[in-house]
Amino acid sequence: MKCPEHIQEYLRDNKNTGIEYEFGVACALMGSTQFDNFLSSIVDLNTKKNIILDVCAATKEYLQPLLDRHTCSDEYYISLGATQDDSLGASDVLVCCDTEILFGVSVKFANTNNWNPSSKHFIGKAKKEDLKDKYQNIYLPQYIKEMKEAHGECKIKIIDDSRNKGQTKVVNNWYRQNSKVNDEFIDLLRDEVIKEWGSKTEHEKEEIMAKGFQIVSPVPFYTVVIKNNLSCEINEPKMVFSVNDITVEKHKKSSVVFKENGEIIVKLQVKFNNGFITRTNKETGTTFVEGEVIFKKGDPFGSWNFGI
């Protein structure tokens, strides 16, 4: 497959969460000529330069064996073009020789999430509509009542943004509060995931697991998991189990785990994307007002976490 060159301007302006770890791995794979250029044009201008260089130094020894498996008549070209093209699969960094991609690397930092599926892979359309109806007519009114009794009328407040030090963000006094109603609704979803998994065919189960383990990819790739201490683990995506041996059960407050021989191989986090209800700035025909805040209904069907 043809190797896309990355666009320097795009990388300089890229503020995606975790991009510094992708940059660090790219640096570790680069030859001296490309590294010098990347350092001066991208890394030196990045606010997280020190993290990038630390990741580069820490992962270089781990990544070298991947390069040793291939030969190239010229210096490898390391491309971050995959960040601009989802058709290249799970890879964040591409290792190329001449104009061809040799392999890719998917970079994860202290994170085992491998896929963000919607509920459609685990809950049928008819049951989803039934759950949406229950959310609207039973659980949403109960949630609002619960919040009012526990925290009073909904009011705006300003808090420090822990992700962006020195900055603040506007939230409300119901924001991120524990909720029994939320937990009960998540339990309904989890019950349905477990029930429907038991009714799926072997082929349907294999398709889901292949997506979750990212077995099917247009580019062969490795997963590089960087730990908090910057040690590194490299895995080649593969399924070493039979879907017929998998058992499914609830785990903690919001997860469904898939087990083989009693060992957890997948944690599926069943969750609302942005809370049971989500604050918005504009009133529409589908929003509602509580106290000082405009809300829209939460979305528990859009994006879950598939961790391996």
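Where a number appears in this text, it was derived from the coordinates with a stated rule and is not lab data. Only a predicted model underlies this, so the values are computations on that prediction, with no experimental measurement involved. Neighbour counts run over all protein chains shown; Cβ positions are idealised from the backbone, glycine included.
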- Message: Let me spell out the model: positive unit charges on the Cβ of Lys and Arg, negative unit charges on the Cβ of Asp and Glu, origin at the Cα centre of the chain. What dipole size does that give, in debye rounded to 20?
- Response: 1360
- Most fluctuating of Ala90, Ala28, Ala57 in the GNM of the chain (C-alpha, under 10 Å) is Ala57
- Query: If one computes P(r) from the Cα atoms of region 8-109, what percent of pairs lie at distances over 21 Å?
  - Reply: 27
- Distant-in-sequence amide H partners of Asp299 (H built 1.01 Å from N, under 5 Å): Asn273, Asn274
- Points 7 angstrom from Cα along the Cβ direction at Ser199 and Arg69: gap in nanometres? 4.1
- Query: What residues have an amide H closer than 5 Å to that of Phe213, excluding those fewer than 5 places away on the same chain, when H is modeled at 1.01 Å from N in the peptide plane?
  - Reply: none
- Item | Relative frequency of Cα-Cα separations exceeding 23 Å in the chain, percent | 65
- Item | For the chain, Cys with no neighbouring Cys Cβ under 4.7 Å | Cys154, Cys232
- At 7 Å along the Cα-to-beta-carbon direction for both Glu206 and Asn261, put a label point, then send me their distance in nm to one decimal. 2.1
- Go through Ala82, Thr112, Ser32 and say which Cα lies farthest out towards the positive end of the charge dipole of region 1-138; charges sit on Cβ, +1 for Lys and Arg, -1 for Asp and Glu. Thr112
- Task: Rounded to the nearest Å, what's the spacing between the alpha carbon centres of region 17-94 and region 124-143? Just the number, please.
- Result: 46
- Checking region 239-308 for trypsin sites (Lys or Arg not before Pro) in a loop per DSSP with at most 10 other beta-carbon atoms within 10 Å yields Lys252, Lys282
- Note on the structure: Per the charge dipole of region 8-109 (beta-carbon charges, Lys/Arg positive, Asp/Glu negative, Cα centre), the residue among Leu53, Ser91, Pro65 reaching farthest to the positive end is Leu53
- Item | Separation of the Ala110 and Phe241 label points, Cα + 7 Å toward Cβ, nm | 2.7
